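Undergrad: There's a structure below that I have some questions on.
The values are calculated or read from the model by the stated rules, or taken from the named source; none is laboratory data. Everything numeric here is computed off the predicted structure, so don't read it as measured data. Here the Cβ positions follow ideal geometry from the backbone for every residue, glycine too, while neighbour counts run over all protein chains shown. These accessible areas exclude ligands, DNA and RNA; they are computed on the full protein's heavy atoms, side chains included. Shrake-Rupley method; radii C 1.70, N 1.55, O 1.52, S 1.80 Å.
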Amino acid sequence: MWVLLATLSALCLGFYDVMKKLSVERNNVLGVLFLNTAFGALFMLPVIIVGLVHGNYGLGGTLTGHGFILIKSVIVLSSWLLGYASIKHLPLTIAGPVNASRPVLVLVGALIIFGERLNLWQWAGVLLGFWSLFFISRLGGKEGFSLKSSRWVWMAIGATSLGAISALYDKYLLTRFEPLEVQAWYSLYQLVIMGVTLFIIMKATKVTTPLRWRWTIPFISVFLTVADIAYFYSLSLEGSMIAVVSMIRRGSVIVSFFYGVIALHEKNIKLKIIDLTFLLIGLTMLVIGSLE
(Lines give C-alpha, C1' and ligand atoms only; values in the text may rest on other atoms or scores of the structure.)
Protein backbone atom coordinates (compact mmCIF):
# COMPACT_ATOMS: atom_id res chain seq x y z
CA MET A 1 0.00 0.00 0.00
CA TRP A 2 2.78 2.45 0.84
CA VAL A 3 4.23 1.95 -2.66
CA LEU A 4 0.88 2.83 -4.28
CA LEU A 5 0.55 5.93 -2.10
CA ALA A 6 4.07 7.01 -3.05
CA THR A 7 3.20 6.51 -6.73
CA LEU A 8 0.06 8.66 -6.37
CA SER A 9 2.19 11.31 -4.68
CA ALA A 10 4.64 11.22 -7.59
CA LEU A 11 1.88 11.74 -10.17
CA CYS A 12 0.50 14.75 -8.30
CA LEU A 13 4.00 16.22 -7.88
CA GLY A 14 4.47 16.09 -11.64
CA PHE A 15 1.38 18.23 -12.23
CA TYR A 16 2.50 20.43 -9.31
CA ASP A 17 5.76 21.20 -11.15
CA VAL A 18 3.88 22.05 -14.35
CA MET A 19 1.54 24.41 -12.47
CA LYS A 20 4.57 26.09 -10.85
CA LYS A 21 6.23 26.62 -14.22
CA LEU A 22 3.07 28.14 -15.71
CA SER A 23 2.51 30.34 -12.64
CA VAL A 24 6.00 31.86 -12.24
CA GLU A 25 6.67 32.49 -15.94
CA ARG A 26 7.04 36.29 -16.26
CA ASN A 27 5.52 36.64 -12.79
CA ASN A 28 6.54 37.63 -9.26
CA VAL A 29 8.02 34.49 -7.68
CA LEU A 30 7.57 35.55 -4.05
CA GLY A 31 3.97 36.57 -4.67
CA VAL A 32 3.16 33.24 -6.30
CA LEU A 33 4.82 31.37 -3.44
CA PHE A 34 2.85 33.37 -0.86
CA LEU A 35 -0.44 32.56 -2.60
CA ASN A 36 0.59 28.91 -2.75
CA THR A 37 1.23 28.80 1.01
CA ALA A 38 -2.07 30.64 1.62
CA PHE A 39 -4.12 28.17 -0.41
CA GLY A 40 -2.25 25.24 1.13
CA ALA A 41 -3.01 26.48 4.66
CA LEU A 42 -6.65 27.11 3.70
CA PHE A 43 -7.09 23.56 2.41
CA MET A 44 -5.71 22.08 5.66
CA LEU A 45 -7.39 24.56 8.04
CA PRO A 46 -10.43 22.29 8.71
CA VAL A 47 -8.08 19.73 10.30
CA ILE A 48 -6.87 22.33 12.81
CA ILE A 49 -10.37 23.72 13.46
CA VAL A 50 -11.88 20.28 14.12
CA GLY A 51 -9.01 19.50 16.50
CA LEU A 52 -9.40 22.76 18.41
CA VAL A 53 -13.17 22.29 18.73
CA HIS A 54 -12.51 18.95 20.42
CA GLY A 55 -9.85 20.44 22.71
CA ASN A 56 -6.98 18.95 20.71
CA TYR A 57 -4.20 21.46 20.18
CA GLY A 58 -2.30 19.01 17.99
CA LEU A 59 1.23 17.64 18.08
CA GLY A 60 0.90 16.45 21.67
CA GLY A 61 -0.39 19.83 22.76
CA THR A 62 3.13 20.94 23.71
CA LEU A 63 5.39 23.77 22.61
CA THR A 64 8.05 21.19 21.83
CA GLY A 65 5.77 19.44 19.33
CA HIS A 66 4.94 22.71 17.60
CA GLY A 67 8.62 23.62 17.66
CA PHE A 68 9.41 20.48 15.67
CA ILE A 69 6.87 21.49 13.01
CA LEU A 70 8.14 25.07 12.95
CA ILE A 71 11.59 23.71 12.04
CA LYS A 72 10.06 21.67 9.22
CA SER A 73 8.22 24.76 7.95
CA VAL A 74 11.47 26.73 7.74
CA ILE A 75 13.24 23.89 5.89
CA VAL A 76 10.42 23.39 3.37
CA LEU A 77 9.90 27.10 2.74
CA SER A 78 13.64 27.61 2.15
CA SER A 79 13.57 24.75 -0.35
CA TRP A 80 10.55 26.28 -2.08
CA LEU A 81 12.13 29.73 -2.34
CA LEU A 82 15.13 28.25 -4.15
CA GLY A 83 13.00 25.85 -6.18
CA TYR A 84 10.53 28.48 -7.44
CA ALA A 85 13.37 30.80 -8.49
CA SER A 86 15.21 28.03 -10.33
CA ILE A 87 12.19 26.58 -12.13
CA LYS A 88 11.33 30.05 -13.47
CA HIS A 89 14.65 30.19 -15.34
CA LEU A 90 15.55 26.56 -16.07
CA PRO A 91 13.96 24.32 -18.71
CA LEU A 92 11.64 21.73 -17.18
CA THR A 93 13.66 19.00 -18.87
CA ILE A 94 16.66 20.07 -16.77
CA ALA A 95 14.97 21.21 -13.54
CA GLY A 96 12.96 17.99 -13.31
CA PRO A 97 15.90 15.56 -13.47
CA VAL A 98 17.97 17.70 -11.06
CA ASN A 99 15.12 17.47 -8.57
CA ALA A 100 14.92 13.74 -9.26
CA SER A 101 18.40 13.37 -7.73
CA ARG A 102 16.94 14.01 -4.27
CA PRO A 103 16.68 10.27 -3.41
CA VAL A 104 20.46 9.94 -3.72
CA LEU A 105 20.87 12.33 -0.79
CA VAL A 106 17.94 10.78 1.06
CA LEU A 107 19.52 7.35 0.64
CA VAL A 108 22.76 8.44 2.29
CA GLY A 109 20.86 9.94 5.19
CA ALA A 110 18.57 6.90 5.51
CA LEU A 111 21.52 4.54 5.65
CA ILE A 112 23.33 6.64 8.26
CA ILE A 113 20.43 7.81 10.43
CA PHE A 114 17.75 5.12 10.19
CA GLY A 115 19.92 2.10 9.37
CA GLU A 116 17.84 1.21 6.32
CA ARG A 117 19.22 -1.52 4.06
CA LEU A 118 18.55 -1.96 0.37
CA ASN A 119 18.39 -5.22 -1.58
CA LEU A 120 20.06 -5.82 -4.97
CA TRP A 121 17.08 -4.55 -6.98
CA GLN A 122 17.01 -1.33 -5.01
CA TRP A 123 20.76 -0.80 -5.22
CA ALA A 124 20.58 -1.26 -8.99
CA GLY A 125 17.84 1.36 -9.14
CA VAL A 126 19.86 3.82 -7.06
CA LEU A 127 22.96 3.38 -9.24
CA LEU A 128 20.89 4.15 -12.33
CA GLY A 129 19.65 7.25 -10.51
CA PHE A 130 23.27 8.34 -10.00
CA TRP A 131 24.00 7.81 -13.69
CA SER A 132 20.90 9.81 -14.68
CA LEU A 133 22.00 12.78 -12.56
CA PHE A 134 25.48 12.78 -14.09
CA PHE A 135 24.07 12.54 -17.62
CA ILE A 136 21.57 15.40 -17.20
CA SER A 137 24.26 17.62 -15.67
CA ARG A 138 26.34 17.18 -18.84
CA LEU A 139 23.33 18.02 -21.03
CA GLY A 140 22.62 21.13 -18.96
CA GLY A 141 26.12 22.40 -19.70
CA LYS A 142 25.38 22.21 -23.44
CA GLU A 143 22.37 24.49 -22.97
CA GLY A 144 24.25 27.12 -20.96
CA PHE A 145 23.15 25.90 -17.53
CA SER A 146 26.40 24.43 -16.26
CA LEU A 147 27.43 24.27 -12.62
CA LYS A 148 30.20 26.77 -13.32
CA SER A 149 28.08 29.50 -14.89
CA SER A 150 24.47 29.18 -13.77
CA ARG A 151 23.23 30.25 -10.35
CA TRP A 152 19.83 28.78 -11.23
CA VAL A 153 21.32 25.28 -11.33
CA TRP A 154 22.87 25.86 -7.91
CA MET A 155 19.50 27.06 -6.62
CA ALA A 156 17.91 23.88 -7.97
CA ILE A 157 20.59 21.81 -6.22
CA GLY A 158 20.05 23.78 -3.01
CA ALA A 159 16.30 23.19 -3.20
CA THR A 160 16.90 19.49 -3.79
CA SER A 161 19.30 19.23 -0.83
CA LEU A 162 16.87 20.96 1.54
CA GLY A 163 14.10 18.74 0.21
CA ALA A 164 16.18 15.67 1.10
CA ILE A 165 16.72 17.02 4.64
CA SER A 166 12.97 17.59 4.92
CA ALA A 167 12.23 14.03 3.78
CA LEU A 168 14.53 12.54 6.42
CA TYR A 169 13.00 14.81 9.05
CA ASP A 170 9.52 13.65 8.01
CA LYS A 171 10.39 10.06 8.85
CA TYR A 172 11.27 11.19 12.37
CA LEU A 173 8.18 13.40 12.76
CA LEU A 174 5.81 10.64 11.68
CA THR A 175 7.02 8.38 14.46
CA ARG A 176 5.72 11.00 16.93
CA PHE A 177 2.69 12.69 15.32
CA GLU A 178 -0.28 11.93 13.07
CA PRO A 179 0.26 12.63 9.32
CA LEU A 180 -2.66 15.08 8.95
CA GLU A 181 -1.58 16.99 12.07
CA VAL A 182 1.92 17.42 10.68
CA GLN A 183 0.66 18.61 7.30
CA ALA A 184 -1.98 20.97 8.70
CA TRP A 185 0.21 22.73 11.25
CA TYR A 186 3.27 23.04 9.02
CA SER A 187 1.05 24.55 6.30
CA LEU A 188 -0.18 27.16 8.78
CA TYR A 189 3.31 27.98 10.05
CA GLN A 190 4.60 28.25 6.49
CA LEU A 191 1.95 30.86 5.71
CA VAL A 192 2.96 32.94 8.74
CA ILE A 193 6.69 32.71 7.96
CA MET A 194 6.14 33.46 4.27
CA GLY A 195 3.93 36.43 5.11
CA VAL A 196 6.59 37.93 7.38
CA THR A 197 9.32 37.22 4.81
CA LEU A 198 7.36 38.85 2.01
CA PHE A 199 6.61 41.91 4.14
CA ILE A 200 10.29 42.38 5.04
CA ILE A 201 11.46 41.94 1.45
CA MET A 202 8.86 44.37 0.09
CA LYS A 203 9.93 46.97 2.66
CA ALA A 204 13.63 46.49 1.99
CA THR A 205 13.60 46.25 -1.82
CA LYS A 206 11.72 47.63 -4.77
CA VAL A 207 9.49 45.07 -6.49
CA THR A 208 10.21 45.16 -10.22
CA THR A 209 8.02 42.27 -11.38
CA PRO A 210 4.29 42.67 -10.66
CA LEU A 211 2.18 39.78 -9.40
CA ARG A 212 -0.29 38.58 -12.04
CA TRP A 213 -3.17 36.31 -11.09
CA ARG A 214 -3.33 33.02 -12.98
CA TRP A 215 -5.74 30.16 -12.40
CA THR A 216 -2.80 27.77 -12.32
CA ILE A 217 -1.73 29.26 -8.96
CA PRO A 218 -4.40 27.58 -6.76
CA PHE A 219 -3.80 24.31 -8.61
CA ILE A 220 -0.21 24.39 -7.32
CA SER A 221 -1.64 23.95 -3.83
CA VAL A 222 -4.29 21.43 -4.89
CA PHE A 223 -1.77 19.01 -6.40
CA LEU A 224 0.76 19.59 -3.62
CA THR A 225 -1.81 18.98 -0.87
CA VAL A 226 -2.91 15.66 -2.37
CA ALA A 227 0.72 14.68 -2.99
CA ASP A 228 1.66 15.44 0.63
CA ILE A 229 -1.32 13.57 2.10
CA ALA A 230 -0.40 10.46 0.12
CA TYR A 231 3.27 10.91 1.01
CA PHE A 232 2.76 11.34 4.77
CA TYR A 233 0.47 8.32 4.99
CA SER A 234 2.93 6.28 2.97
CA LEU A 235 5.70 7.06 5.44
CA SER A 236 3.45 6.36 8.42
CA LEU A 237 2.73 2.77 7.32
CA GLU A 238 4.75 -0.05 8.82
CA GLY A 239 7.60 -1.26 6.62
CA SER A 240 7.84 1.91 4.54
CA MET A 241 11.36 2.97 3.59
CA ILE A 242 12.11 6.67 3.20
CA ALA A 243 14.83 6.03 0.59
CA VAL A 244 12.42 4.07 -1.63
CA VAL A 245 9.44 6.40 -1.10
CA SER A 246 11.60 9.38 -2.02
CA MET A 247 12.86 7.68 -5.19
CA ILE A 248 9.35 6.72 -6.30
CA ARG A 249 8.16 10.30 -5.77
CA ARG A 250 10.84 11.49 -8.17
CA GLY A 251 8.87 9.71 -10.87
CA SER A 252 7.04 13.03 -10.99
CA VAL A 253 9.69 14.06 -13.50
CA ILE A 254 7.80 12.08 -16.17
CA VAL A 255 4.85 14.49 -16.15
CA SER A 256 6.88 17.69 -16.11
CA PHE A 257 9.37 16.30 -18.65
CA PHE A 258 6.75 15.54 -21.27
CA TYR A 259 5.07 18.89 -20.72
CA GLY A 260 8.44 20.52 -21.43
CA VAL A 261 8.78 18.44 -24.59
CA ILE A 262 5.26 18.79 -25.98
CA ALA A 263 4.19 22.26 -24.85
CA LEU A 264 7.49 24.15 -24.43
CA HIS A 265 9.50 22.50 -27.25
CA GLU A 266 12.70 22.35 -25.19
CA LYS A 267 16.10 21.32 -26.62
CA ASN A 268 18.12 18.07 -26.85
CA ILE A 269 15.00 15.98 -26.43
CA LYS A 270 16.41 12.70 -27.77
CA LEU A 271 19.30 12.68 -25.31
CA LYS A 272 17.01 13.72 -22.46
CA ILE A 273 14.62 10.89 -23.31
CA ILE A 274 17.55 8.47 -22.99
CA ASP A 275 18.29 9.92 -19.58
CA LEU A 276 14.62 9.71 -18.56
CA THR A 277 14.42 6.09 -19.74
CA PHE A 278 17.30 5.07 -17.47
CA LEU A 279 15.67 6.96 -14.60
CA LEU A 280 12.39 5.10 -15.16
CA ILE A 281 14.17 1.76 -15.25
CA GLY A 282 15.82 2.67 -11.96
CA LEU A 283 12.47 3.60 -10.41
CA THR A 284 10.96 0.33 -11.62
CA MET A 285 13.79 -1.63 -10.01
CA LEU A 286 13.18 0.18 -6.73
CA VAL A 287 9.47 -0.70 -6.82
CA ILE A 288 10.23 -4.36 -7.63
CA GLY A 289 12.74 -4.48 -4.79
CA SER A 290 10.29 -2.99 -2.31
CA LEU A 291 7.68 -5.67 -3.13
CA GLU A 292 10.01 -8.61 -2.50
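Undergrad: Rg to Rh ratio, segment 1-91, alpha-carbon atoms and Kirkwood radius?
TA: 1.05
Undergrad: Okay, next question. At a Förster radius of 35 Å, what calculated FRET efficiency corresponds to the Cβ-Cβ distance of L63 and I262, to the nearest 0.05?
TA: Working from the Cβ atoms, E equals 0.10.
Undergrad: Defining a contact as two alpha carbons under 8 Å apart and six or more residues distant in sequence, what relative contact order in percent does the chain show?
TA: RCO, the chain: 44 percent.
Undergrad: What does the accessible area per residue of the chain come to in Å², with a 1.4 Å probe and no ligands, DNA or RNA counted?
TA: For the chain, the per-residue accessible area is 47 Å².
Undergrad: Right, something else. Please list, short to long, the whole-number percent of alpha-carbon pairs of segment 203-292 in consecutive 5 angstrom bins beginning at zero.
TA: Taking all Cα pairs of segment 203-292, the binned fractions are 3, 10, 14, 15, 15, 15, 12, 8, 5, 2, 1, 0 percent.
Undergrad: How much length is gained on full extension from L42 to L120, taking 0.36 nm per residue of separation minus their Cα-Cα distance?
TA: 23.8 nm
Undergrad: Place the peptides 181-192, 151-162 in order of packing, highest mean first, counting for every residue the other Cβ atoms within 10 Å and averaging per peptide.
TA: 181-192, 151-162
Undergrad: Let me ask something additional. Let me spell out the model: positive unit charges on the Cβ of Lys and Arg, negative unit charges on the Cβ of Asp and Glu, origin at the Cα centre of the chain. What dipole size does that give, in debye rounded to 20?
TA: 1080 debye
Undergrad: So what's the chain giving for Rg/Rh, alpha carbon basis, Kirkwood Rh from the mean inverse pair distance?
TA: A ratio of 0.96.
Undergrad: Show which lysines lie in cross-link reach of K171 when reach means a straight Cα distance below 24 angstrom and same-chain residues fewer than eight apart are skipped.
TA: K72
Undergrad: With runs of 4+ DSSP H residues as the only contributors, calculate the mean residue ellipticity of the chain at 222 nm using -39,500 (n - 2.57) per run, divided by the residue total and rounded to the nearest 500.
TA: One gets -26500 deg cm²/dmol as the mean residue ellipticity at 222 nm.
Undergrad: For the chain, give the percent of accessible area contributed by carbon and sulfur heavy atoms, probe 1.4 Å, rounded to a whole number.
TA: With neighbouring chains kept in place, the figure for the chain is 72 percent.
Undergrad: What distance in nm lies between label points placed 7 Å from Cα along the C-beta direction at L52 and W213?
TA: Taking the simple label geometry, L52 and W213 are separated by 2.6 nm.
Undergrad: A further question on this structure: Based on the Cβ-Cβ distance of I269 and K203, what FRET efficiency does E = 1/(1 + (r/R0)^6) give at R0 = 41 Å, to the nearest 0.05?
TA: 0.40
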